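> Quick one: structure below, then a few questions.
Each value in this text was obtained by applying a stated rule to the coordinates, not by laboratory testing. Just so it is clear, the model here is predicted, and its values are computed rather than measured. Here the Cβ is made from the backbone with ideal geometry for all residues, glycine too, and neighbour counts use every protein chain on show.
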Amino acid sequence: MRFNLSEINELIRERRTIYPEQFSDRKVHKEQIEVILNNAQWAPTHGNTQPWRFKVFTEEGRQTLSTFLGGAYLELTPVKEQSDLKLKKLVSRPLKSSVVIAVCMERQKEETIPEIEEIEAVACAIQNMYLTCTAYGLGGFWSTPKLIYSELMNDFLQLGQKDKCLGLFYIGYSKEQWPKSHRKPLEYSTEWRTQ
Ligand SMILES: Cc1cc2nc3c(=O)[nH]c(=O)nc-3n(C[C@H](O)[C@H](O)[C@H](O)COP(=O)(O)O)c2cc1C
């Protein structure tokens, strides 16, 4: 065994979604964010295209993001479907987090790699971010409100037309007890074929 598998198993199983409402005011250091993003970059990537792009919102940048999210929600959601609760969450979450990272996929120029595989690579990068957060005792939350897939969002993040924002990743220290979760038994999801 090259690594301590029991620790790795525990890290993977302990990874949890921690919502910004559960975050304390404690600040996450820039060096920690850099480790989180460096680990993200070690995700598998078809053709080594490394399609991930990170837009990191800290300090006053969180207010800029909050203002944008609130405005975009109101602009993109028909009045009848608007929810005060959703709006409040969108606006307040960046401010409750020490850092928010918009995780994006930059479409390969040649388009030889299928888009889904570029998206899958970025999803793997996000899992690396989650696991690194867990190792630090940091909470993380991968959020995908509908508006992240809009043109408005691409403009705000200065993404190209074929690029995509795949999520807002909120990071902060949890002020609450680390939650437990469960998964179905392996038999539920696995079929063994021996012939
Ligand atoms: C692609 C993706 C998008 C997600 N988007 C949201 C979201 O918009 N809102 C939300 O509450 N949770 C979101 N989640 C987090 C899931 O709700 C969470 O992973 C699930 O409840 C399992 O909890 P755990 O992460 O603690 O194991 C997302 C997860 C993934 C993989």
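> Please give the charge dipole size of the range 1-89, origin at the Cα centre, charges +1 on K and R Cβ atoms and -1 on D and E Cβ atoms. Round to the nearest 20 debye.
Charge dipole of the range 1-89: 140 debye, to the nearest 20.
> Say the dipole of the chain comes from +1 at the beta carbon of Lys and Arg and -1 at that of Asp and Glu; which of Gln63, Ile113, Ala123 then lies farthest toward its positive end?
Of the candidates, Gln63 comes out farthest on the positive side.
> Given DSSP loops and a limit of at most 11 other Cβ atoms within 10 Å, what is the longest stretch of the chain that contains no such chymotrypsin sites (Phe, Trp or Tyr not before Pro)?
Between exposed loop sites, the widest span is 43-191.
> Let me ask something else. If R₀ is 41 angstrom, what is the calculated FRET efficiency for the pair Glu117 and Asp25, using the beta carbon separation as r and rounding to 0.05?
0.55
> While we're on this one: Using unit Cβ charges (K, R positive; D, E negative) and no other charged atoms, how large, in debye to the nearest 20, is the dipole of the range 76-192 about its Cα centre? Could you put the intermediate results ahead of the total?
Details: 15 positive and 15 negative charges, 168 e Å.
Approximately 800 debye in magnitude.
> Filter the trypsin sites (Lys or Arg not before Pro) in the range 1-54 to those in DSSP coil with at most 10 other Cβ atoms within 10 Å of their Cβ, and list the result.
Those that pass, being in a loop and sparsely packed, are Arg2.
> Sticking with this structure for a sec: So which GluC sites (Glu not before Pro) in the range 77-140 are both in a DSSP loop and have at most 13 other Cβ atoms within 10 Å of their Cβ?
For GluC sites (Glu not before Pro) across the range 77-140 that sit outside H, G, I, E and B with at most 13 neighbouring Cβ atoms in 10 Å, the list reads Glu110, Glu111.
> Might you report the magnitude of the Cβ-based charge dipole of the chain about its Cα centre, with Lys and Arg at +1 and Asp and Glu at -1, to the nearest 20 debye?
Computed charge dipole of the chain: roughly 600 debye.
> Next up: How much net charge surrounds Arg13 when only other residues with a Cβ under 15 Å from its Cβ are counted (Lys, Arg +1; Asp, Glu -1)?
Here the count lands on +2.
> Please identify every one of the trypsin sites (Lys or Arg not before Pro) in the range 149-195 that sits in a loop by DSSP and has no more than 14 other beta carbons within 10 Å of its own beta carbon. Show your work: numbers first, answer last.
Values: sites: Lys162, Lys164, Lys175, Lys180, Arg183, Arg193; in loops: Lys162, Lys175, Lys180, Arg183, Arg193.
Of the trypsin sites (Lys or Arg not before Pro), the ones in loops of the range 149-195 whose Cβ has at most 14 other Cβ atoms within 10 Å are Lys162, Lys175, Lys180, Arg183, Arg193.
> With 21 Å as the limit, write out which pairs from Lys86/Lys162; Lys55/Lys146; Lys30/Lys96; Lys27/Lys146 have Cα-Cα distances beyond it, or answer none.
Pairs exceeding 21 Å: Lys86/Lys162; Lys27/Lys146.
> On alpha carbon coordinates alone, what is the Rg over Rh value for the range 36-88, Rh being the Kirkwood radius?
Here Rg/Rh amounts to 1.18.
> At what distance in nm do the modelled label points of Ala135 and Glu176 sit from each other, each positioned 7 Å from its Cα along Cα→Cβ?
Each label point lies 7 Å from its Cα, and together they span 2.7 nm.
> Continuing with the same structure: Can you give the convex hull volume per residue for the Cα atoms of the range 17-177, as a whole number of Å³? Write out the running numbers ahead of the final one.
Details: hull volume 17.5 nm³, N = 161.
Considering the Cα atoms of the range 17-177, their hull volume per residue is 109 Å³.
> What percent do you get for the relative contact order of the chain when only Cα pairs under 8 Å and 6+ apart count?
Working: 287 pairs, mean separation 67.0, N = 195.
Result for the chain is 34 percent.
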